[in-house]
Amino acid sequence: MGTLVEEIISNRLGRQVVAGDTVVAPVDCAFAHDVTAPLAIEAFERMGMPLHDPGRVVLVFDHVMPAATVAAAELHVRIRRFAADHAVRNLFAEGICHIIMVERGYARPGGIVVGADSHSTTYGALGCFSTGMGSTDVGVILATGRTWFRVPETLRIEVAGELAAPLTAKDVALHVLGRIGGDGADYMAVEWGGETVERMTLDQRLTLANLSADMGGKAGLCEVDDTTLAGSSPVDGVPIPRPRSPHYADVLHVDVSNLQPQVAMPPAADNVHDIGDVEGTPIDEVYIGSCTNGRLEDMEVVAGYLAGRTVHPNTRTVVVPASRRIYTEALRRGWIETIIEAGALVMNPGCGPCLGRQHGVVAAGERVVSTSNRNYPGRMGSPDAEIYLTSPAVAAATAVAGRITDPRRHH
């Protein structure tokens, strides 16, 4: 009898657990990317043990792909050698790790997934327990197939009201982040629910779970329903997890009926304001992509705003589809052509601009609108640049106007 996270872990261990219990649990899949994998490999090799199960290891080249420096290229070589030496075949260079984990079916309802990246909370949208851990922890999982953690308490976020377009899950998540702060859910499972979440697509729910990390969450979860199961099947032999007479540490009620487009202003993701507070701010670069908002629905929104329009000459616009599948499907539907004809740059799938490694690094004094999840000083380049986090709709409208713009004016 428990919250969603308590039920997932109880089902996997075959006994009831509650928040605060320390458990050792099996891990269905562990992954690392080109920045964190070398450290995980180093930790694994220090243990002197064989790889527990190559089939449960996923390695993704996405943060600096293709390699932009010699140092990055050497990290890639290190990972490829490890994969060859240990028969790891789940090696991908086709987009952002968090998108690949969902598309390829490594994260499934009822599962336990650990990634060497903080936004590994993303797949909790599928009703699994997924969390980010340090590279050393992932190295231990490579050897043992298990890990330990304390079962987190749960913050339930009950969302009600009609979320009218062009508002999206990004606006909801930013609004909550602004209300509770960047540490408002420290080491908690953030359980998203209510009528508004039930109506959301899987793409939208993935955004909620993704931004749970930026509230301090250990995990971000949505309940399993027909929307979930249309795109994912539960872990074999594991019942579909559902909250049963749950006891929540806290419940936050959110009514989105009159929600305004939200903007997280520098220097932190929880410095959230209604768009009216910042509308008109001149912008040098717009970045649309990342594990938060680089999905197919996001590409559709951007193409819709850019169709027949041209991006502002003073506002370079970089669009990065989150995966090869998303890129090719957006290409097939004509959205990529629309985006390019509007004057935006479309880059290969990956993380590059989000962390200031390539494809859009910003200079001192520049202002950026980004659909990503972090805007602390130095995140996208110079520590003297300013980053404003928004939805893809706000970003696209801003790209055309050259200044932060309410997308409802052009919807």
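The values are calculated or read from the model by the stated rules, or taken from the named source; none is laboratory data. Because the structure is predicted, anything quoted here is derived from the model rather than measured. No Cβ is skipped: glycine too gets one built from the backbone with ideal geometry, and neighbour counts run over all protein chains shown.
The figures follow:
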{"read-out": "Flag for residue 42 being of a type in the set (D, E, K, R), surrounded by fewer than 20 Cβ atoms within 10 Å (Cβ to Cβ) and touching a residue at least 12 places away in the same chain (Cβ under 8 Å)", "value": "yes"}
{"read-out": "Search result, residues across the stretch 282-321 that are outside any loop (DSSP other than H, G, I, E, B), charged (D, E, K, R) and in contact with a strand residue (DSSP E or B) (Cβ under 6 Å, 6 or more places away or on another chain)", "value": "285, 316"}
{"read-out": "Failed criterion for residue 164 (all others in (1) without any contact (Cβ under 8 Å) to a residue 12 or more places away in the chain; (2) touching a Lys or Arg at 6+ places or on another chain (Cβ under 6 Å) hold)", "value": "(2)"}
{"read-out": "Breaking point among (1) farther than 27 Å from residue 16 by Cβ; (2) of a type in the set (Val, Ile, Thr); (3) crowded, with 23+ Cβ neighbours inside 10 Å, for residue 180", "value": "(3)"}
{"read-out": "Any hit, the stretch 381-403, residues being touching a Gly at 6+ places or on another chain (Cβ under 7 Å), buried (at least 24 other Cβ atoms within 10 Å of the Cβ) and either outside the structural domain of residue 176 (by TED's automatic domain parsing) or assigned to a strand (DSSP E or B) (or both)", "value": "no"}
{"read-out": "Every residue from the stretch 164-184 that is at pLDDT 95 or above and either among the aliphatic types (A, V, I, L, M) or in the same structural domain as residue 297 (by TED's automatic domain parsing) (or both)", "value": "167, 169, 172, 173, 174, 176, 177, 180"}
{"read-out": "Sole exception among (1) more than 16 Å from the chain's Cα centre (by Cα); (2) part of a helix (DSSP H, G or I) for residue 88, by number", "value": "(2)"}
{"read-out": "Scan of the stretch 217-239 for residues that are part of a loop (DSSP other than H, G, I, E, B) and crowded, with 17+ Cβ neighbours inside 10 Å, ordered by number", "value": "217, 218, 223, 224, 232, 234, 235, 238"}
{"read-out": "Failed item, numbered, when residue 363 is tested on (1) under 18 Å from residue 290 (Cβ atoms); (2) surrounded by fewer than 19 Cβ atoms within 10 Å (Cβ to Cβ)", "value": "(1)"}
{"read-out": "Residue in the stretch 311-329 that is at positive phi and not hydroxyl-bearing (Ser, Thr, Tyr) present", "value": "no"}
{"read-out": "Test: residue in the stretch 323-339 that is under 23 Å from the mean Cα position of the chain (by Cα) and in a loop (DSSP other than H, G, I, E, B)", "value": "no"}
{"read-out": "Residue list for the stretch 360-375, filter: at pLDDT 85 or above and part of a loop (DSSP other than H, G, I, E, B)", "value": "361, 363, 364, 365, 366, 371, 372, 373, 374, 375"}
{"read-out": "Filter result for residue 17 (outside the structural domain of residue 355 (by TED's automatic domain parsing) and either at pLDDT below 95 or under 24 Å from the mean Cα position of the chain (by Cα) (or both))", "value": "no"}
{"read-out": "Conditions (1) surrounded by fewer than 20 Cβ atoms within 10 Å (Cβ to Cβ); (2) not assigned by TED's automatic domain parsing to the domain that holds residue 8; number of the one not met by residue 275", "value": "(1)"}
{"read-out": "Options 195, 158; residue that is at pLDDT 95 or above, out of contact with any Asp or Glu (no Cβ under 8 Å at 6 or more places or on another chain) and farther than 26 Å from residue 268 by Cβ", "value": "195"}
{"read-out": "Flag for residue 59 being in the same structural domain as residue 220 (by TED's automatic domain parsing) and closer than 26 Å to residue 203 by Cβ", "value": "yes"}
{"read-out": "Members of the stretch 252-271 that are part of a strand (DSSP E or B) and in contact with an Asp or Glu (Cβ under 6 Å, 6 or more places away or on another chain)", "value": "253, 262"}
{"read-out": "Some residue of the stretch 10-33 being touching a residue at least 12 places away in the same chain (Cβ under 8 Å), farther than 14 Å from residue 141 by Cβ, touching a Cys at 6+ places or on another chain (Cβ under 8 Å) and not in a helix (DSSP H, G or I)", "value": "yes"}
{"read-out": "Residue check for residue 64: under 25 Å from residue 321 (Cα atoms), at pLDDT 95 or above and in the same structural domain as residue 114 (by TED's automatic domain parsing)", "value": "no"}
